[in-house]
Structures are given as structure tokens and as C-alpha cells.
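This is the structure, below, for whatever I ask next.
The values are calculated or read from the model by the stated rules, or taken from the named source; none is laboratory data. As the structure is a prediction and not an experimental result, all values here were calculated from the model. Glycine also receives a Cβ, built like all others from the backbone with ideal geometry; neighbour counts cover every protein chain displayed. Just the protein is used for accessible areas: all its heavy atoms, side chains included, with ligands, DNA and RNA removed. Shrake-Rupley method; radii C 1.70, N 1.55, O 1.52, S 1.80 Å.
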Amino acid sequence: MGQITELTRVVPADPGKPVRPEAAASQQASRELAEHPTTWSHEQAEQVVRRYTELAPDWDGDRGGYRSVPLADALQRGGPWPTGVCLEVGCGTGLLSALIQDVWPNVVSLDLTWAMLSRSPAPWRVLGDASQLPAGDASAQAVVLADVPLFADEVVRTLTPDGVVVWSNALGEDAPHHVPIDTVLAALEKASGSAWSAVLSHAGWGLWAVLRRGEAA
């Protein structure tokens, strides 16, 4: 497996970290998808849409204060960055889109739930499923995955050979979609047949990693 380098934390964690009762079950499901993406089903997609349709009206108020912290740190310290198109997977209401646009002006923001996506101010919004990304082969120089499941085959397919993957969990190891970085790395290596490396750190209540492809495995 490729090298994982951890950077020193520079953004402290404030008290009062939220506890999500659904986190354990969601983490198990997310790890299953990372390791076995073909288990994703139409029924699961419908469940996600129903859940996030209910959450959409209160999403920004409940999560707007902390979700940007680890991603902002990643974008400040995880470079250098390739120029080009960025695919923001699971953009939700667009809480993170402006941060991403500061690095990649050309961002395509994707979400599965219209009730979330319709609230986003992002200029290029696409309704779609991360398991079948509506993007061409090698069409993106960056893929941002902030608190969303990993479908490594699709990420690898859409990413240019010198592209980067930015992974962020706003509540760190307690985030509902947290998957250990070595699992993320292994999934990308399996999908690509290449070695990958990762730089990671913690920030606020969350953690982030930037992953890059290396030489052929």
C-alpha cells in the first residue's frame, strides 16, 4: 500500500462536538461500499433521497458552522493543486462549494437529492448518483468527497492521471461516512492498478486527506 503521511494539526477542536446516533451504522455501510461498490442498490439510493429530502430545510443551520473547517485546512495545506475541472461529489446545499471554487474556478457540483441541490448557489449543478458519475473519462483534475461514500472505480475513471482526490470528514472518526484513510487508499489502488499516496491531518472536529496516484503497482 502507498505511503500515508500525517501533518501536524494546526486547527484545534472546540468543545461541544456533535454526536450523530446514526454514525456507526452509516460508517459500516460506507466501508462496505468502499470495499464492495457493487452492493449499492436502487433501494439504497431511494433511502438516501428520502432522508436528505427531510434534512434539507435545516441542513445549513445544523451543519453550516463546522463542515467547512477540515476542507478549508485541506485546501490550504494539501497542495500543490493541478489546474482544471473539479468534480464536487455530494455537494448538498453548497456549504463547501465556494471554498472549492477558490482553488478550482471550474467546479461541477453533484448531488443525488434535488431538495439539497436546489438550495445550492453553485453555478454548475448536476443531479446524479456517485456510483455512476455523469462525467467523461479523465475529465476532472480533482474530485472532492466531503462526507460522502466512496465509489473508487468511478473516481478513478473520471480523474486525470495527475489528478487529486480530496477526502474530508467533518466529524472525523465519528462522522457518519467516515472510512479509514488506509481503506480509501486501498480502494483507489484496487480500482486503478496503481500505487497511491495520501497526506492527512485533523482540523477542528474533522479530518481530511489528499490522495494522489503514484507509479504502477
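Condition first: within 14 Å of the chain's Cα centre (by Cα) and either surrounded by fewer than 22 Cβ atoms within 10 Å (Cβ to Cβ) or at pLDDT 95 or above (or both). Now tell me which residues in region 131-145 satisfy that.
Residues of region 131-145 within 14 Å of the chain's Cα centre (by Cα): 131, 133, 142-145.
Listed by number, the residues that qualify are Ser131, Ala142, Val143, Val144, Leu145.
Mind telling me which of the residues Leu127, Leu117 ends up being among the aliphatic types (A, V, I, L, M), farther than 23 Å from Pro21 by Cα and surrounded by fewer than 22 Cβ atoms within 10 Å (Cβ to Cβ)? Don't jump to the end; show me each part of the working.
On the way: Leu117 fails: surrounded by fewer than 22 Cβ atoms within 10 Å (Cβ to Cβ).
Of Leu127, Leu117, the one residue that is among the aliphatic types (A, V, I, L, M), farther than 23 Å from Pro21 by Cα and surrounded by fewer than 22 Cβ atoms within 10 Å (Cβ to Cβ) is Leu127.
Sticking with this structure for a sec: Provide a single number: the residues in region 160-182 that are out of contact with any Ser or Thr (no Cβ under 9 Å at 6 or more places or on another chain) and open to solvent by 10 Å² or more (accessible area, probe 1.4 Å).
Looking only at that region, the number is 6.
A further question on this structure: Is there any pair with a first residue in region 91-108 that is farther than 22 Å from Thr53 by Cα and a second that is of a type in the set (D, E, K, R) and at pLDDT 95 or above whose Cβ atoms are under 7 Å apart and which are 6 or more apart or on different chains, and what are they?
The qualifying pairs are Ile100/Glu88; Val107/Glu88.
I would also like to ask the following. Which count do you get for residues in region 12-54 that are over 27 Å from Leu185 (Cα atoms) and within 19 Å of the chain's Cα centre (by Cα)?
Of the residues in region 12-54, 3 are over 27 Å from Leu185 (Cα atoms) and within 19 Å of the chain's Cα centre (by Cα).
On the basis of being closer than 25 Å to Thr5 by Cα, open to solvent by less than 70 Å² (accessible area, probe 1.4 Å) and hydrophobic (A, V, I, L, M, F, W, C), does Leu55 make the cut?
No; evaluated as a whole, the condition is false for this residue.
To continue, here is another question. Would you confirm whether any residue within region 7-28 is touching a helix residue (DSSP H, G or I) at 6+ places or on another chain (Cβ under 6 Å) and open to solvent by 60 Å² or more (accessible area, probe 1.4 Å)?
Checked against the condition, which is being touching a helix residue (DSSP H, G or I) at 6+ places or on another chain (Cβ under 6 Å) and open to solvent by 60 Å² or more (accessible area, probe 1.4 Å), region 7-28 yields no hits at all.
Moving on to the next point. Considering only region 191-217, state which residues are among the charged types (D, E, K, R) and in contact with an Asp or Glu (Cβ under 9 Å, 6 or more places away or on another chain). Write out each step before concluding.
Residues of region 191-217 that are among the charged types (D, E, K, R), as a first pass: 212-213, 215.
Those that are among the charged types (D, E, K, R) and in contact with an Asp or Glu (Cβ under 9 Å, 6 or more places away or on another chain): Arg212, Arg213.
Based on what the data block shows, is Leu200 closer than 21 Å to Pro37 by Cα, open to solvent by less than 30 Å² (accessible area, probe 1.4 Å), touching a residue at least 40 places away in the same chain (Cβ under 8 Å) and touching a helix residue (DSSP H, G or I) at 6+ places or on another chain (Cβ under 7 Å)? Can you show your working first?
Details: closer than 21 Å to Pro37 by Cα: no; open to solvent by less than 30 Å² (accessible area, probe 1.4 Å): yes; touching a residue at least 40 places away in the same chain (Cβ under 8 Å): yes; touching a helix residue (DSSP H, G or I) at 6+ places or on another chain (Cβ under 7 Å): yes.
It is false that Leu200 is closer than 21 Å to Pro37 by Cα, open to solvent by less than 30 Å² (accessible area, probe 1.4 Å), touching a residue at least 40 places away in the same chain (Cβ under 8 Å) and touching a helix residue (DSSP H, G or I) at 6+ places or on another chain (Cβ under 7 Å).
Only one of (1) small (Gly, Ala, Ser); (2) under 22 Å from Ser30 (Cα atoms); (3) crowded, with 20+ Cβ neighbours inside 10 Å fails for Ala186. Which number is that?
Result: Ala186 fails condition (3) only.
Let me ask you something else. Which count do you get for residues in region 188-208 that are within 12 Å of Arg77 (Cβ to Cβ) and in a helix (DSSP H, G or I)? Walk me through it before giving the result.
Of all residues in region 188-208, those within 12 Å of Arg77 (Cβ to Cβ) come to 199-203, 208.
Of the ones still in play, those that are also in a helix (DSSP H, G or I) are none.
Residues flagged as within 12 Å of Arg77 (Cβ to Cβ) and in a helix (DSSP H, G or I) within region 188-208 amount to 0.
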